[in-house]
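Q: Input: one structure, supplied below.
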Amino acid sequence: MLKYLNPKRLYHSFGKRYFWNFFLFACFLLFFYSPLLNTLMLAFADTYQVPHVFPTKFGFEWWKYIFSQDDLLQSIVNSFVIAFLATAISLVICVPAAYALARFEFKGRSFFLFSFLLSNAFPKIGLYTALGILFYRFQLMGTLAGVLIVHILNTMIFMIWIPVSSFQTIHQQQEEAARDVGAGPFRTFLKVTMPSAIPGIAVASMYTFLGSMEEAQGTLLVGFPEIKTMATSMYSVILDYPPMAGAVFSLLLLLPTILIIWLCRKIFGKDIFSGGMSL
């Protein structure tokens, strides 16, 4: 078997061009999937010592241990509750704003859209520090409301940019035809515009939910120690627990991502993540 993996043999078999393509692809797979495979291996290892490549014993010991810790269980519940609330509030606030940005031309529109990119292009700790100063004044430190504000601001770019792109792909003639037969603006929006924009809004909701699940800096600054999430608890798990416990917690953070992406592709099709927006 090993003789077929000899570099010289592969070079002559594939040719110069395809050999380097194969080599770069193999490096990408090794770089991308090795940490995931290592995490998966450690998550189901009961005992593991550094000199060994593989665990000496597999099992679910550390899964039981994680679920027996009340503070970690509470952080898991907090993560899902905050992510759900942040997504729901963002939908109510941002979808109408995205429709206005897609349909109406006004001075400063492009700058307003780019401002969301600028807020994500710089280290967010500066924004969180400024928010912390305001939150101290309004007594929002350590509160659910303060954490929700941070999560909504952190993920607002998804709930603005992606729905704007979806609304822009809908021809205005469809809305005009609905109004010509007597439908009012609100009914036209619900019956014509929204059904066509649902896939894009679903993707934006997915990114918002997952972005909220992994938000750590702002939650740590504004909510700690009263409010802990999986992302903030990950620091203590990595520092204070064996690597197997950290691997289990990492998988618990990863599983919602895989499940939600699979559901979106299953419901809306494989092309749901493609598209663009014009300014």
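Q: Assuming a ≥ b ≥ c are the square roots of the Cα gyration tensor eigenvalues, decide whether region 162-231 counts as rounded (a/c under 1.5), prolate (otherwise, with a/b larger than b/c) or oblate.
A: Values: a/c = 4.89, a/b = 3.33, b/c = 1.47.
Since a/c reaches 1.5 and a/b is larger than b/c, the shape of region 162-231 is classed as prolate.
Q: Pop out the ³J(HN,Hα) list for region 257-264 in order, Karplus 6.51 cos²θ - 1.76 cosθ + 1.60 with θ = phi - 60°, rounded to Hz; leave Gly and Pro as x.
A: Rounded to whole hertz, the list is 4, 4, 5, 5, 4, 5, 5, 4.
Q: What residues qualify as long-range amide H neighbours of residue 45, i.e. H under 5 Å apart, gap of 5 or more or another chain, H built at 1.01 Å from N?
A: 59
Q: Using all Cα-Cα distances in region 20-59, what percent lands in each 5 angstrom bin from 0 up to the longest?
A: In whole percents, the pair-distance histogram is 6, 23, 20, 18, 12, 11, 8, 3.
Q: For the chain, find the longest principal axis of its Cα atoms and tell me its angle to the long axis of helix 230-240, 0 to 90°, nearest 10.
A: The two axes meet at around 20 degrees.
Q: Now, a different point. Going highest first, how would you order 209-219, 230-240 by mean Cβ packing within 10 Å?
A: Peptide ranking by packing, descending: 209-219, 230-240.
Q: Additional query: Please arrange 65, 99 by counting, for each residue, the other beta carbons lying within 10 Å of its beta carbon, fewest first.
A: Placing the least packed residue first, the sequence is 65, 99.
Q: Just checking my list (i) 41; (ii) 57; (iii) 45 against percent of Cα pairs over 27 Å apart computed from this structure; which label fits?
A: This structure yields the entry labelled (ii).
Q: How high is the relative contact order of region 70-273, given as a whole-number percent (alpha carbon pairs under 8 Å, six or more residues apart)?
A: 32 percent
Laboratory data are not the source of any read-out in this text; all were calculated from the coordinates shown. A quick note: this is a predicted structure, and the numbers were derived from the prediction, not measured. Neighbour counts run over all protein chains shown; Cβ positions are idealised from the backbone, glycine included.
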